[in-house]
Amino acid sequence: MQLTLIGIGTGNPEHLTLQAIRAINAQDMILIPRKGAGKADLAELRRAICDEVLTNPTTRIVEFDLPVRDEATPDYRQRVDDWHDAIALAWVNAMGGTSVGKVALLVWGDPSLYDSTLRIAARLNPAPQIEVIPGITSLQALTAAHAIPINDIGAPFVVTTGRRLRDGGWPAGVDTLAIMLDGACAFQTLPPEGVHIWWGGYVGMKEQITCEGPLAEVSARIIQMRAEARESHGWIMDIYILRKM
């Protein structure tokens, strides 16, 4: 079996590369996960991408219900590992085994950046031949939305998570942070003085919302915007950059 992981950007069909479009049309099967009623938009966006670019009449689209993490498992890493095992099994069940020829998953953003699809694929037995098609990341979409470079000249930056920012504070040795996977607005835990934030939700999509400014001045506004957007859509994907000025 060949498993192709296709980066699709942030849900905008215009983010697809020509390589991604060719890969979509080369498949025997495309798997689309369903994440429940509250996140039905995510499956619908994948369907819309296939409707727009899939012209191969022999390619089958198969949907499956994505398992959820068991929050009762106290250890975070064990909780994630168990979840990934369950997702790998869901893939196999959706495919009807591993004897199918070419199968693809449409991966939000890019498979290399804070995405576990490659780690889940490594659980399959027998191991498939894996092909990765890169995609536009939410980080790229955020910097484009604000028309900014992420780094100062010759300066490093750190890409990390809201959990690590909350638990460990600002990493030493860098002035610029890109924060992903933050469901609790961890920027609230920082001393806001001298920090600028560039925030975006649904970046690159038609629902895109953004806010930027001194953290001390716009923190409350971002929290309100995020809450209202999540209430309206039932889900939110957001990302932000912090910089010491």
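The values are calculated or read from the model by the stated rules, or taken from the named source; none is laboratory data. Note that the structure is a prediction, hence the values are computed from the model and not measured. Every residue, glycine as well, gets a Cβ built from its backbone with ideal geometry; the counts of neighbours run over all protein chains shown. Just the protein is used for accessible areas: all its heavy atoms, side chains included, with ligands, DNA and RNA removed. Shrake-Rupley method; radii C 1.70, N 1.55, O 1.52, S 1.80 Å.
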Self-check item: Near pairs, Cβ below 8 angstrom, 6+ apart or cross-chain, from region 184-196 (in contact (Cβ under 8 Å) with a residue 40 or more places away in the chain) to any residue that is among the basic types (Lys, Arg) and buried (at least 17 other Cβ atoms within 10 Å of the Cβ)
Solution: Cys185/Arg226; Val195/Arg243; His196/Arg243
Quiz item: Can you tell me which of Ile61, Ile32 is in contact with an Asp or Glu (Cβ under 8 Å, 6 or more places away or on another chain), surrounded by 13 or more Cβ atoms within 10 Å (Cβ to Cβ), not aromatic (Phe, Trp, Tyr) and not in a loop (DSSP other than H, G, I, E, B)?
Solution: Ile32
Quiz item: When you go through Ala145, Ala155, Ala172, Ala184 one by one, which is the residue that is out of contact with any helix residue (DSSP H, G or I) (no Cβ under 8 Å at 6 or more places or on another chain), within 28 Å of His15 (Cβ to Cβ) and in a loop (DSSP other than H, G, I, E, B)?
Solution: Ala155
Quiz item: So, of the residues in region 1-25 that are under 25 Å from Leu142 (Cβ atoms) and polar (S, T, N, Q), which turns out to be least open to solvent (accessible area, probe 1.4 Å)?
Solution: Thr10
Quiz item: Can you find a residue in region 97-113 that is open to solvent by less than 90 Å² (accessible area, probe 1.4 Å) and part of a helix (DSSP H, G or I)?
Solution: no
Quiz item: Here are some residues: Gly173, Gly168. Which one is open to solvent by less than 80 Å² (accessible area, probe 1.4 Å) and at pLDDT below 95?
Solution: Gly173
Quiz item: For region 124-140, which residues satisfy the criterion of being touching a strand residue (DSSP E or B) at 6+ places or on another chain (Cβ under 7 Å) and either open to solvent by less than 30 Å² (accessible area, probe 1.4 Å) or not charged (D, E, K, R) (or both)?
Solution: Pro128, Gln129, Ile130, Val132, Ile133, Pro134, Gly135, Ile136, Thr137, Ser138, Leu139
Exercise. Considering only region 197-245, state which residues are in contact (Cβ under 8 Å) with a residue 40 or more places away in the chain, open to solvent by less than 50 Å² (accessible area, probe 1.4 Å) and not in a strand (DSSP E or B).
Key: Tyr202, Val203, Gly204, Met205, Arg226, Gly234, Trp235
